Each structure stands twice: as structure tokens, then as C-alpha cells.
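Below is one structure, written out as C-alpha cells; comments come after it.
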Amino acid sequence: MVIRDFEPKDVDAVVAILKANQQYNQEEIDGPEAMLRVRACDAAEFIVAEEDGRVVGMARGVYDGSRALLHIISVAPPYQRRGIGKALLCEIAKRFQARGAHDLAVTVPGEVGFWQRYGFRTTTRIMLIHPIEKVCDL
Ligand SMILES: CC(C)(COP(=O)(O)OP(=O)(O)OC[C@H]1O[C@@H](n2cnc3c(N)ncnc32)[C@H](O)[C@@H]1OP(=O)(O)O)[C@@H](O)C(=O)NCCC(=O)NCCS
């Protein structure tokens, strides 16, 4: 297994993984253009896992200088339970730690058992508004 930075050529494979895991919800947030913006964002880490030259998993998150926040880890269903999720989580945690992070949160845990296995515990629940324009209208 190889873990490396996301590259533009990975877009289709990452979209397919997210769709297979029902994590492809909004084009403007999860779609190809958003992926390219995340890649260009200095605060973000966006990595993929490759098996035999094929992209089979991804993780992405952000460090704002104080807190590290993971948004998604996703492994293609046929490749799950082979240690790929663990490898992605470990690599992104190391990267945030190297930037200065002391803790790591995940916004939408999905498979709670996975996070519990690696020591995550449920704390406050996040609240969300979409679309963002509504904030000033309400
Ligand atoms: C959750 C997910 C990222 C885990 O990736 P993975 O590659 O399958 O996990 P790993 O093989 O690295 O798992 C390592 C350990 O974590 C634990 N684990 C993994 N998935 C688990 C689950 N669904 N429930 C409970 N524990 C789990 C197990 O202890 C596992 O070790 P084992 O297989 O020897 O028992 C993957 O299943 C996935 O993409 N799920 C769908 C999307 C999702 O919910 N993502 C998380 C929210 S962003």
C-alpha cells in the first residue's frame, strides 16, 4: 500500500469511492472542483491510498493553526478491513501533529466503531447550516 497526496488524476477514483460509500452528497462540497480547491488549500491535508496502482481510499481534513479536523475517510468497499483506513488515519494524524496539532476531531464519524478502536470518544456534536447564505437571512 502507498499513501500519497491527492492529485488531480485521482478525481474519478475518489468520486467513485465516495459514491460507493454514500458519502457523495453535494457536488459543491464533495465534487471534482471542490477536490481541486482542497488540494490547493494550505490548511488542508488530502491524501489517498493506492493498492497495485489503484486508488482505493482517501482522507481529508484541515488544521487551522490550533485544531485539526478530519472531514472524511473513505475506503472502497472491496478493500475495507485490510488496514487501509488505519493507515490513512495514522498518516493524516502524523501530518497534523507535525504542523503542531495536539488533538484530532472528526466531523461525521460514520462507522463509529472504527474511531472508537483508535481512541476517539464522542464529545460535543457539531451543528451545521447549509446553504451558508441563510446565516445572515434568518
Ligand atoms: C470506516 C472505514 C474508513 C474504515 O476503513 P477500513 O480500511 O475498512 O478499516 P481498517 O481495516 O483499517 O480497520 C482497522 C480496525 O478498525 C476497526 N474497524 C474498522 N471498521 C470498523 C467498523 N465498521 N466497526 C467497528 N470497528 C471497525 C477494527 O478494529 C479494524 O481492525 P480488524 O479489521 O482487525 O478488526 C471504512 O470502513 C469506510 O470507508 N467506511 C465507509 C465510510 C465511512 O463511514 N467513513 C468514516 C466516516 S468519514
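Since every read-out is calculated from the coordinates, none of them should be taken as a lab result. Because the structure is predicted, anything quoted here is derived from the model rather than measured. In this analysis, Cβ positions are derived from the backbone assuming ideal geometry, glycine residues included, and neighbour counts consider all displayed protein chains.
Structure data summary
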item	result
Volume of the Cα convex hull of segment 2-137, divided per residue and given in Å³	123 Å³
Residue 138-residue 44 FRET efficiency (beta carbon distance; Förster radius 41 Å; 0.05 resolution)	0.90
Footprinting exposure proxy for 104, 70, 36 (fewest neighbouring C-beta atoms within 10 Å first)	36, 104, 70
Trypsin sites (Lys or Arg not before Pro) restricted to segment 1-104 and DSSP loop, no more than 11 other C-beta within 10 Å	81
Inter-label distance for residue 82 and residue 12, nm, one decimal - labels placed 7 Å from Cα along Cα-to-Cβ	2.1 nm
Cα-based reach from residue 86 at 20 Å (exclusive), listing lysines while leaving out same-chain residues under 8 positions away	94
Relative contact order computed over the chain (Cα-Cα under 8 Å; 6+ residues apart), in percent	20 percent
³J(HN,Hα), Karplus 6.51/-1.76/1.60, whole Hz, each residue of segment 95-106, x for Gly, Pro	5, 5, 4, 5, 7, x, 5, 9, 9, 9, 10, 10
Contour excess over end-to-end distance, with Cα ends at residue 90 and residue 54 and 0.36 nm allotted per residue	11.0 nm
